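A.B. asks: The structure is given below, and queries will be raised subsequently.
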Amino acid sequence: MRKICIVVPLLLLLPLVCGQVAGLRPANYAFYTGRHMRPWQAAQSFCREYHTDLLTIKSEEENQNLAGTKGWIGLYRQNSAGPWKWSRGDEIATFTSWVSNEQDSNKNCVFKNKNKEWEAMNCNEKHSFLCYDETLVLVKENKTWEEALNDCTVCYDETLILVKENKTWEEALNHCRSLEAVDPSKPATAYQNHRYDLVTLVTQDDYNYTLEKAKEATSDQIWTGMRYLAGQWVWVGGERVEYTSIQRCPAETSCGVLLVKNSNALFQISDCEQRINFFCYRKFTTSSGN
């Protein structure tokens, strides 16, 4: 009986398939893994259909912000004698972060590992990949100011929301999932029809950005989407918890919190019935056929 009681909440909380995780800063990239893994060219086509292109990395700062993610990026070359170019616009790369001597390899597509180093690989291998969305678009048409205004639609899409209400972990989860439906014809509370969830923090940059926003909280702790279920820590979005410093065998009623101040740990644990502020985040979704 105890085993059944543990497994049922897992099925209710977690999606059936792990897909991608988007960054939390407003200038988003999207990370695709699991069933989405593709050869480089197929990943490029997917990114161009659903985003702008495979990810371009132009500086050490941008590369540092992607720590913890791995996958195809937009860097490639036509052959071993050609220059390394970015998929977006075929721009010649001026910044690189190679594994030692990797640029001399006979392989022509580039994979970024979790250590922020780049490796040339066979383009036909299937891997995770990173897409990005341009936030600024230059329209190369000559129009009056009013014509341009009518042609432009500006949307503010808030990815990370700090809710300054004190709720239990489960109340916070239900609050986030009620904010917006993926399919507007059905309630957001319908199974897997929620666009928002309690926050998942996959990369170091996600964590840093969330801490910046946490300064506005009215409680000393803030709920995240991390919970201890069936003997392991999980994110409610289905992603694996990669952090090794968090307590391995807490009580089954333990949930993950961010401490707003006075802590060197990435996460702490707290009783899920405690009432504190929480973070919701907007998930990127694509049609189920992809």
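Each value in this text was obtained by applying a stated rule to the coordinates, not by laboratory testing. What you are looking at is a predicted structure, and each value in this text was computed from that prediction instead of being measured. Counting neighbours? That spans all protein chains shown, and the Cβs are built from the backbone with ideal geometry, glycine included.
A.B. asks: Give me the Debye-computed log₁₀ of I(q)/I(0) at q = 0.15, 0.31 Å⁻¹ for the stretch 177-222, equal point scatterers on Cα only, no solvent, two decimals.
C.D. replies: Normalising to I(0) and taking log10 leaves -0.55, -0.99.
A.B. asks: So, counting K/R as plus one and D/E as minus one, what does the shell of residues with Cβ under 12 Å around G71 add up to?
C.D. replies: Values: positive: R38, K70, K112, K114, K126; negative: E119, E125.
Once positives and negatives cancel, what remains is +3.
A.B. asks: Grab the Cα-Cα distance for E212 and N115, subtract it from 0.36 nm times how many residues apart they are, and report the gain in nm with one decimal. Write out the running numbers ahead of the final one.
C.D. replies: Values: separation 97, 0.36 × 97 = 34.92 nm, distance 2.37 nm.
This chain segment gains 32.6 nm when fully extended.
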